[in-house]
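Values quoted throughout were computed directly from the atomic coordinates according to the rules given, and no laboratory measurement underlies them. The structure displayed is predicted, hence computed values, not measured ones. Here the Cβ is made from the backbone with ideal geometry for all residues, glycine too, and neighbour counts use every protein chain on show.
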Amino acid sequence: QKEVEQDPGPLSVPEGAIVSLNCTYSNSAFQYFMWYRQYSRKGPELLMYTYSSGNKEDGRFTAQVDKSSKYISLFIRDSQPSDSATYLCAMSATGGADGLTFGKGTHLIIQP
Amino acid sequence: EAGVAQSPRYKIIEKRQSVAFWCNPISGHATLYWYQQILGQGPKLLIQFQNNGVVDDSQLPKDRFSAERLKGVDSTLKIQPAKLEDSAVYLCASRSIRGRSETQYFGPGTRLLVL
């Protein structure tokens, strides 16, 4: 079993749809949870950062963490074609001071 | 503020050859990471430096991979000899120990193809 599992696989939705991306993890030491966005041929860029359980909202993006279930989610509202990218969940026990543990990524396509 | 710089952007070599990648982190960032991202997977940490010292190299295949950060600024990752399974994107990231310390900033990566 991998330390971090990410769902769904490749995803294609129409513009304006609500997108839900999810990760589950097995290491209870993880306290810090991140979502990175990676455009083709680019490095990942930090999109959302949360500590412990709870919700965080930033514009059209909402990150949720449920540590009791070892489950995190990213929601994208009013999705735009410019949101088309690979989304990677990442986790850390020490807030990013150590190396991050990533999920495999979800390739998202928003159809105009 | 300039981002993390990496070179070369692309490299094609034959198996058993050697290759080196270079990274220049964001100015003032003390922590530097090298990740390997195989196609269809998330990045995997290879090595972490704090200034010029190694913090974590537990996932670095030390029989063929080496890395250094001699002056605590830029870094070089080397593979010798390369294997087919080393084909991947090698990402360098850096982090400041001040301010928003949780953010790792990634470079564009070096795409390696081993034939």
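Would you please name the trypsin sites (Lys or Arg not before Pro) within the range B:2-39 that are DSSP coil residues with at most 13 other C-beta atoms within 10 Å of their C-beta? Mind dumping the intermediate values first?
Values: sites: B:9, B:11, B:15, B:16; in loops: B:9, B:15, B:16.
When the trypsin sites (Lys or Arg not before Pro) of the range B:2-39 are filtered for loop state and at most 13 Cβ neighbours within 10 Å, B:9, B:15, B:16 remain.
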- request: Starting from the coordinates of the alpha-carbon atoms of the range A:29-80, obtain the Kirkwood hydrodynamic radius over all distinct pairs and give the value in Å to one decimal.
  value: 11.8 Å
task: Would you be so kind as to identify which of A:112, A:59, A:30 lies farthest towards the positive end of the dipole of chain A, taking Lys and Arg as +1 and Asp and Glu as -1 on Cβ and the Cα centre as origin?
output: A:30
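How about the range B:1-106: which GluC sites (Glu not before Pro) there lie in a loop by DSSP and see at most 14 other Cβ atoms within 10 Å? Walk me through the numbers before you get to the answer.
Working: sites: B:1, B:14, B:68, B:85, B:102; in loops: B:1, B:14, B:102.
Listed in order of number, the matching sites are B:1, B:14.
Can you run the Rg to Rh ratio on the protein assembly as shown? Use alpha carbon positions and the Kirkwood inverse-distance Rh.
Details: Rg = 17.5 Å, Rh = 18.1 Å.
Answer for the protein assembly as shown: 0.97.
Anything over 32 Å Cα to Cα? Flag those among A:70/B:78; A:67/B:62; A:42/B:15; A:56/B:78; A:2/B:71, in the order listed. List each step's numbers first, then the result.
Working: A:70/B:78 36 Å; A:67/B:62 35 Å; A:42/B:15 26 Å; A:56/B:78 40 Å; A:2/B:71 36 Å.
A:70/B:78; A:67/B:62; A:56/B:78; A:2/B:71, as the Cα separations exceed 32 Å there.
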query: Can you pull the semi-axes for chain A, root of five times each eigenvalue of the Cα gyration tensor, sorted largest first, whole Å?
result: 23, 14, 13
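In the range B:28-115, which trypsin sites (Lys or Arg not before Pro) fall in coil by DSSP and have 15 or fewer other Cβ atoms within 10 Å? Intermediate results must be reported in sequence, preceding the final value.
Details: sites: B:44, B:62, B:64, B:69, B:71, B:78, B:83, B:95, B:98, B:100, B:111; in loops: B:62, B:64, B:69, B:71, B:83, B:98, B:100.
Loop-located and lightly packed - B:62, B:64, B:71, B:83, B:98, B:100.
For residue B:18 and residue B:38 in one chain, what is 0.36 nm times their gap in residues minus the Cα-Cα distance, to one decimal in nm?
Details: separation 20, 0.36 × 20 = 7.20 nm, distance 1.86 nm.
Separation in residues times 0.36 nm, less the Cα-Cα distance, equals 5.3 nm.
Can you tell me, using C-alpha contacts under 8 Å and at least 6 residues apart, the relative contact order of chain A as a whole percent? Could the numbers behind the result be given before it?
Details: 273 pairs, mean separation 40.4, N = 112.
Reported relative contact order: 36 percent.
Summarise the long-distance tail of P(r) for chain B by giving the % of C-alpha pairs beyond 16 Å. Write down the numbers at each step before the final one.
Details: 3696 of 6555 pairs.
Across chain B, Cα pairs with separations above 16 Å total 56 percent.
Hey, what did chain B get for relative contact order, percent, Cα under 8 Å, at least 6 apart?
Details: 289 pairs, mean separation 42.1, N = 115.
That works out to 37 percent.
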Rounded to whole Hz, the Karplus (6.51, -1.76, 1.60) HN-Hα couplings of the range B:76-90, x for glycine and proline: 10, 10, 10, 10, 7, x, 7, 10, 4, 6, 7, 4, 5, 9, 9
- prompt: Using 0.36 nm per residue, how much length does the chain from residue A:93 to residue A:20 gain when fully extended, once their Cα-Cα distance is taken away?
  reply: 23.8 nm
